[in-house]
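Notes follow once the structure below has been shown.
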Amino acid sequence: MVNLNVADIQGFVLRGYNFPFARYLLLELEGPEKGRDFIGRIIPHITTGQRWENKPQSTVNLAFTHKGLARLGLPDATLLSFPVEFFQGMKGRKEILCDTGRNSSENWDEVWRNDVVHVWLGVHALTPEALEEGCAEMERIMQGTGGAYLRQAQDAKAVFIDNKPSSKEHFGYTDGFGNPDFEGADRHSQPGQGKLTKEGDWVPLATGEFVLGYPDEAGELPVAPVPHLLANNGSFMVYRKLHENVATFRDYLDEQSRHYAGGKEKLAAKFVGRWRDGTPVELSPDAPDPAIAADPKRNVNFTFGRDLDGVRCPIGAHVRRVNPRDSAGFHGLLVNRRRISRRGLPYGEYVPEGEAVSDKDDRGVIFMVLNSSIFRQFEFVHQQWIEYGNDAHQGSDKDLMLGNHDGSGKFMIQGSTDPQNPPFVCARLPQFVELRGGDYFFMPSLTALRLIADNSVDPR
Amino acid sequence: MTNINGKTYAMNAITPMKAFYTPILQLIFFLLGHVKAGQADLINLSFIHFARWVVVKRHKFPRLSDSQPEEQLHYDYLLFFSNFNGSWNQYIDAFADVLSIGLNLIWRWSVRYPGARPVTDFKRYIALVQFDTDYYYVAYPRAAANDVKAAFRVNDALEDFARASKDMTPAEFGGAYLKFVTQVQGDLGATGIGPVGA
Amino acid sequence: MPNQSGNVYGLTILSPIIHGAAGDISHDCAIRDYLAGLPRDHRSLFAKVSSTHLARLVVMDDVVFVGTPAREEHLQSKYLVFETNFDGDLDTYLERMAREAPEEVHAVWQHCVGYPGVKDPAAFAAYMKKCQIETTYFFADVNNKTVQQTLRALKLQSGVAHFIEANQGKSASEIQTAFRQFLEKVRHAPEPLAGEYEGHPHLPARGAGATGRTDPLAEESEGHHG
């Protein structure tokens, strides 16, 4: 049993908080001395991974780009010891990520085009008032030290339905299932979140897949920057602002469902592998089942082993692509090192089904990933399983929802002779999601933050 | 990058072996070649078109003329050539995760081989013993091994369907066609461009 | 027989490269230089020797020093490694190389010791066999289909996917008519070219602006693209 030093790990590494409001402050650091002073003043505000007796009104977490660490004056040997993808930043990885065409950086928000983002300061809050207060405190520290400038404040908030925060995003899907379960995670683990044993039981993944300094699924300490003290209890974060073309999506779904015998909601479910209420298609292929969707013991608890033909959940459906579970063979061994921990919230105004909406409106999802290796985990899943289909035996076909489509791609829905579940080709896929910015970040432990603030990072 | 053509990567590796061990390895290969199960995992991984191991004994480097100096080697050499789909890292990760026993059986006789797990040391060793391809040709560069196998399944199904449906009425044809589609529906992934080798 | 797996032959040849210079460039550099400019697509010498599934040429400079306690040692000669996977028997293949791609074969192997020229294919084959190393263990995922069968199958697979998409939602008799036409097209489709690929061989698909998919059986293979 792994004992995580939760007081040293930033809370955001371990869990997503589930707060309905957030503001992501994207900062440029002034220089090494004032920057370090700023970090030092922020440290007492950082939310750690410790369990809460009483839920705070807001939380604060902090992460750096490579340029941010360089601006703080970390030693060159340390800077060079970070993985190359982190050094290059997300913009530098565009070939690997297929961030080309409409996803290319020319179309990004200005703040992400110009390499000015050094710090991500994430403030999550229970209420809008608590959010303003939390951000104001951060502003005061920025002003007081003169160590950082606010370059952009990205707001995000849950979609409210009947005045209550939901887990829906703008396409109407209920999101937020299936975050990986790992040793020492100390949260209510759900069957289906971890990895499969040969006997078919679900057990937690190795901690080192998500937190540096602990053994990972390969039986070693994950590759990490030096010194250990800087790396341990830290993690890497991917931040992607994903614009959603809601009008295009609704039009496409409407048009395709006119020809699809199973109906519109079933078609929408086949795209993703979950009905829009969250019910896994694998468990309930014919209709959504709110009881399953609401039950943590069931809503991620499924495998594809008895559906290798994809007749229930299409082989290329989103959830199946990004986590093949047992359908990749070898008792899931090929999947265990490709898991990612996801965070995020929608941004922009939610428009209910039936009301007028435009692709030009500013709305989408702020999508974040926590993992100990951006290259091996996030980039791999994105490049090989979203933007490509070979491992799913779907050739060069891309993921319907997230793929960078040029209008010629297709999505095959496997079916049967049941008239309600026919085989169906969704052709000429438009691009539903466009990238509007983001970068790669390092989210250090509290100890590492102190090391940085004290300017005592010492590579071997 | 000349190691890659379309969806396939050409890896070359050479490792030294103490001559004493070579017959053991040759015996292992002989056994592997005669035991079908030895190939089953490779076939299931399904991302290698062709791969081979070649033992070159120290006195067996080809010598075609007296003017060509004789090799004076202490070690025998194991050459490895693979034609695989996916990136270098993905390939080695998959082997280390799934086939480490087989890999160790083959490479433990090579000097300073660290074992397939933990994978980081293994990758370092491979990077040391790998040498780059100068010219790589693939007759079907837009197809991965999966695509090739899927294509043959689709072909067989089409031939059967074409034969069976020759004289059907439209109504019969409709039913038979639906069955045909359900037969091939998992094998219709597009061939084309693959991801950049990371 | 370890060189063979099913119908596929796994040939491994190590040709010693002539030591020293050919003019102002060494023989091994001359090979590398030449190979760098050679097309790898349907114009490749191996597309001409069309029974070739996958083939590579590698100039092997030396063995590797893996670190103490290994002994340091070096090869006296560099070797041109030729690894190829092809249909049919060895002699036929080697003679085809000499007959069907004489220019490229000569340009490469003229830098190797004992090379007799390409004018006499049997002599060339004999020379190559002198440099052959027995493949100790050969794995072939698919070992019972020729190159031509593979290319045709891939084209047909693409055609079937397109057909299913184009006829989705039509009536049974419409599909039946279209299917008969499809089979006709398949029967008369031109032989696909070995080694052909479109665009850059290993960059991901661009965003908006790339061409939409067309019916692959409607394409004429006029030796387009490069």
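The values are calculated or read from the model by the stated rules, or taken from the named source; none is laboratory data. Since the model is a prediction, treat every value here as computed from it, not as a measurement. Because the Cβ atoms are built from the backbone with ideal geometry, glycine has one as well, and the counts that use them run over all protein chains shown.
Some observations on this one:
- A:L69 part of a strand (DSSP E or B) and in contact with a strand residue (DSSP E or B) (Cβ under 8 Å, 6 or more places away or on another chain): no
- Among the numbered conditions (1) under 30 Å from B:F20 (Cα atoms); (2) part of a helix (DSSP H, G or I), the only one that B:R112 does not meet is (2).
- Members of segment C:1-38 found to be hydrophobic (A, V, I, L, M, F, W, C) and assigned to a strand (DSSP E or B), listed by number: C:V8, C:L11, C:I13, C:L14, C:I17, C:A21, C:A22, C:I25
- Every residue from segment C:43-58 that is surrounded by 22 or more Cβ atoms within 10 Å (Cβ to Cβ) and either part of a strand (DSSP E or B) or not small (G, A, S) (or both): C:L45, C:F46, C:V49, C:T52, C:H53, C:L54, C:A55, C:R56, C:L57, C:V58
- Scanning segment A:117-133 for residues that are in contact (Cβ under 8 Å) with a residue 12 or more places away in the chain and surrounded by fewer than 18 Cβ atoms within 10 Å (Cβ to Cβ) yields a total of 3.
- Residue match in segment C:171-183 (condition: without any contact (Cβ under 8 Å) to a residue 40 or more places away in the chain, surrounded by fewer than 17 Cβ atoms within 10 Å (Cβ to Cβ), more than 9 Å from chain B (Cβ to nearest Cβ) and not in a helix (DSSP H, G or I)): no
- Hey, B:A145 closer than 22 Å to C:R187 by Cα and among the hydrophobic types (A, V, I, L, M, F, W, C) or not: no
- Unmet criterion (only one of (1) of a type in the set (A, V, I, L, M); (2) without any contact (Cβ under 8 Å) to a residue 40 or more places away in the chain; (3) part of a strand (DSSP E or B)) for A:L345: (2)
- From the options B:D167, B:D147, residue that is among the acidic types (D, E) and either under 20 Å from the mean Cα position of the chain (by Cα) or at the interface with another protein chain (Cβ under 7 Å from one of its Cβ atoms) (or both): B:D147
- Extreme residue, modelled with the lowest pLDDT, among residues of segment B:92-134 that are of a type in the set (F, W, Y) and out of contact with any Pro (no Cβ under 9 Å at 6 or more places or on another chain): B:F95
- Those residues of segment A:219-237 which are buried (at least 24 other Cβ atoms within 10 Å of the Cβ) and either free of Cβ contacts under 8 Å to residues at least 24 places away in the same chain or not polar (S, T, N, Q) (or both), in sequence order: A:P222, A:P225, A:L230, A:A231, A:G234, A:F236, A:M237
- When segment A:175-199 is filtered for residues that are crowded, with 20+ Cβ neighbours inside 10 Å and under 20 Å from A:F432 (Cβ atoms), only A:D175 remains.
- Condition check for B:Y140 on (1) at the interface with chain C (Cβ under 10 Å from one of its Cβ atoms); (2) more than 17 Å from the chain's Cα centre (by Cα); (3) part of a loop (DSSP other than H, G, I, E, B): one failure, at (2).
- Checking C:G67 against (1) within 11 Å of another protein chain (Cβ to nearest Cβ); (2) assigned to a loop (DSSP other than H, G, I, E, B); (3) crowded, with 19+ Cβ neighbours inside 10 Å, the condition it does not meet: (3)
- Yes/no for A:L370 being under 20 Å from A:E217 (Cβ atoms) and without any contact (Cβ under 8 Å) to a residue 12 or more places away in the chain: no
- Residue selected from segment B:115-132 under the condition part of a loop (DSSP other than H, G, I, E, B) and surrounded by 15 or more Cβ atoms within 10 Å (Cβ to Cβ), by the criterion nearest to the chain's Cα centre (by Cα): B:A116
- From the list A:D309, A:D359, the lone residue that is surrounded by fewer than 24 Cβ atoms within 10 Å (Cβ to Cβ), more than 22 Å from the chain's Cα centre (by Cα) and either within 13 Å of chain B (Cβ to nearest Cβ) or under 20 Å from A:K91 (Cα atoms) (or both) is A:D309.
- Test: residue in segment A:364-374 that is in a helix (DSSP H, G or I) and either of a type in the set (V, I, T) or surrounded by 23 or more Cβ atoms within 10 Å (Cβ to Cβ) (or both): yes
- Look at (1) at the interface with chain C (Cβ under 10 Å from one of its Cβ atoms); (2) in contact (Cβ under 8 Å) with a residue 60 or more places away in the chain; (3) not aliphatic (A, V, I, L, M) and you find that B:Y75 fails only one, number (2).
- Residues satisfying the stated conditions in segment B:40-65, i.e. part of a loop (DSSP other than H, G, I, E, B) and either within 7 Å of another protein chain (Cβ to nearest Cβ) or not hydrophobic (A, V, I, L, M, F, W, C) (or both): B:S46, B:K57, B:R58, B:H59, B:K60, B:F61, B:P62, B:R63, B:L64, B:S65
- Qualifying residue in segment A:438-448 (condition: of a type in the set (D, E), surrounded by 24 or more Cβ atoms within 10 Å (Cβ to Cβ) and not in a strand (DSSP E or B)): no
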